[in-house]
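Below is one structure, written out as structure tokens; the observations come after it.
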Amino acid sequence: MSTKDFVEKDYYKVLGVPKDATEAEIKKAYRKLAREFHPDANKGDASAEERFKEISEANDILGDAKKRKEYDEARALFGNGGFRPGPGGGGSFNFDLGDLFGGTQQAGQGGFGGGLGDVFGGLFNRGAGAGAGTRTQPRRGQDVESEVTLSFTEAVDGATVPLRMSSQAPCKACSGTGDQNGTPRVCPTCVGTGQVSRGSGGGFSLTDPCADCKGRGLIAENPCEVCKGSGRARSSRTMQVRIPAGVSDGQRIRLRGKGTPGERGGPAGDLYVVVHVGTHPVFGRKGDNLTVTVPVTFVEAALGAEIRVPTLGGPPVTLKLPPGTPGGRTMRARGKGAVRKDGTRGDLLVTVEVAVPAELSDKAREALETYRDATGSEDPRALLFESAKGA
């Protein structure tokens, strides 16, 4: 993503909130739009899915106080839609956001790792002079994405699952220095900053990652044989991850600081876990509510009855079936659904289905024939035909 693309995105407009909106107003607007454009509520609608991605990206920036401050400062710096060069400058400039904010932008996550201090230092030729010559900059670790599959019950009640992660981490052979002797030297080209400045006219300069040290700020005289001087090596670890109750299929959970470790004292990246949920042979799910279809006999539906209904992981509940209940009617067992974010539970939606026996005994057939003769003058389809004629 170029800086021009980034600053031209009006995240406030995407969420429909003013620039001075409070955190609560931003959260409320996001939740409303997320429910409206969520892919689960718009099956097969590509435009709704794209809109949902824009909404999520906007919330990721504006919902985080630090990122929102950096975003506002960037838009103010670049004129809310385009870079404004100084006298004698002209044109527009595209450069990587990872370079601009001193961190690595993760695809699809809308986040950035560094602060604006490096930007100002590069633009106005500050931070590379005396007093800062040998100081290497901390670097935030990369974000990592993984997937986990839960059973239907685990998703409803929450679960702790082991997750094996493979990511870049400080090389153990050289303690992350990249040098066999553990004594890398400061890069003379960037003087340990990991960045070099280039003039752009109009009194401004732009910063790029140093090509000689590849942005590390350090050069290994005796490169480590394991990491080849990069200071990073592939690492595998297993962690216990708590998946909250009520998670839905396809939901993306963010675990702060559980991604790739940072360099030179920088913070670790984040771990994003995409959850896949299996199906259940009896229960379904509709938001925070669970669903179940319960068969009843014709006699129970016609005369009324008390029926026992199973619940997920709990004792059955008894529902009163009113006389004359038609097939397809849905009743509600309150508090027997999925766990909500506030700890309360949704409801169990019970849909009645009139069961028709495949075989009848002679006595049952005789009883039904007697019932047919007693109600033979009634035509349940009469109103249907009358309505069809009047249409």
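The values are calculated or read from the model by the stated rules, or taken from the named source; none is laboratory data. These numbers were taken from a predicted model, which means no experiment stands behind them. Quick reminder, even Gly has a Cβ in these numbers, built from the backbone with ideal geometry, and neighbours come from all protein chains shown. Areas reflect the complete protein model, heavy atoms only, side chains present, ligands, DNA and RNA absent. Shrake-Rupley method; radii C 1.70, N 1.55, O 1.52, S 1.80 Å.
Miscellaneous remarks
- When we screen GLY117, GLY81, GLY108, GLY89 for residues that are open to solvent by 60 Å² or more (accessible area, probe 1.4 Å), at pLDDT below 50 and either within 18 Å of the chain's Cα centre (by Cα) or within 30 Å of ARG198 (Cα to Cα) (or both), the only hit is GLY108.
- Some residue of segment 244-266 being in contact with a Phe, Trp or Tyr (Cβ under 8 Å, 6 or more places away or on another chain) and among the hydrophobic types (A, V, I, L, M, F, W, C): yes
- Hits in segment 314-351 (condition: loosely packed, with under 10 Cβ neighbours inside 10 Å and either in contact (Cβ under 8 Å) with a residue 60 or more places away in the chain or among the hydrophobic types (A, V, I, L, M, F, W, C) (or both)): LYS341
- Screening segment 210-237 for residues that are more than 25 Å from the chain's Cα centre (by Cα) and surrounded by fewer than 14 Cβ atoms within 10 Å (Cβ to Cβ) and picking the one that is farthest from GLY335 (Cα to Cα) gives GLU221.
- Taking the listed residues GLY257, GLY278, GLY262, GLY284, the one that is buried (at least 17 other Cβ atoms within 10 Å of the Cβ) and either touching a Ser or Thr at 6+ places or on another chain (Cβ under 6 Å) or within 29 Å of GLY182 (Cβ to Cβ) (or both) is GLY262, with no other qualifying.
- Test: SER200 is in a strand (DSSP E or B), over 33 Å from the mean Cα position of the chain (by Cα) and modelled with pLDDT under 85: yes
- Inter-residue pairs, beta-carbon under 6 Å, first in a helix (DSSP H, G or I) and in segment 281-305, second open to solvent by 60 Å² or more (accessible area, probe 1.4 Å), 6+ apart: LEU303/PRO323
- Restricting attention to segment 343-379, the residues that are of a type outside the set (A, V, I, L, M, F, W, C) and assigned to a loop (DSSP other than H, G, I, E, B) add up to 12.
- Segment 261-275 residues that are farther than 22 Å from THR160 by Cα, paired with ones that are open to solvent by less than 10 Å² (accessible area, probe 1.4 Å) and at pLDDT 85 or above (beta carbon under 9 Å, 6 or more apart): PRO261/GLY269; GLY262/GLY269
- Matching residues, segment 306-320, being in contact with a strand residue (DSSP E or B) (Cβ under 9 Å, 6 or more places away or on another chain), of a type outside the set (Ser, Thr, Tyr) and part of a strand (DSSP E or B): GLU306, ILE307, ARG308, VAL309, PRO310, PRO316, VAL317, LEU319, LYS320
- Put simply, of GLU366, GLU378 the only residue that is more than 23 Å from ASP40 (Cβ to Cβ) and either within 32 Å of the chain's Cα centre (by Cα) or at pLDDT 90 or above (or both) is GLU366.
- GLU386 meets the conditions (1) acidic (Asp, Glu); (2) part of a loop (DSSP other than H, G, I, E, B); (3) within 53 Å of the chain's Cα centre (by Cα) in every case but one. The failed one is (2).
- Whichever residue in segment 238-254 is open to solvent by less than 80 Å² (accessible area, probe 1.4 Å) and part of a strand (DSSP E or B) and, among such residues, is farthest from LEU290 (Cα to Cα): MET239
- Tally of residues being open to solvent by less than 80 Å² (accessible area, probe 1.4 Å) and over 32 Å from the mean Cα position of the chain (by Cα) across segment 292-313: 11
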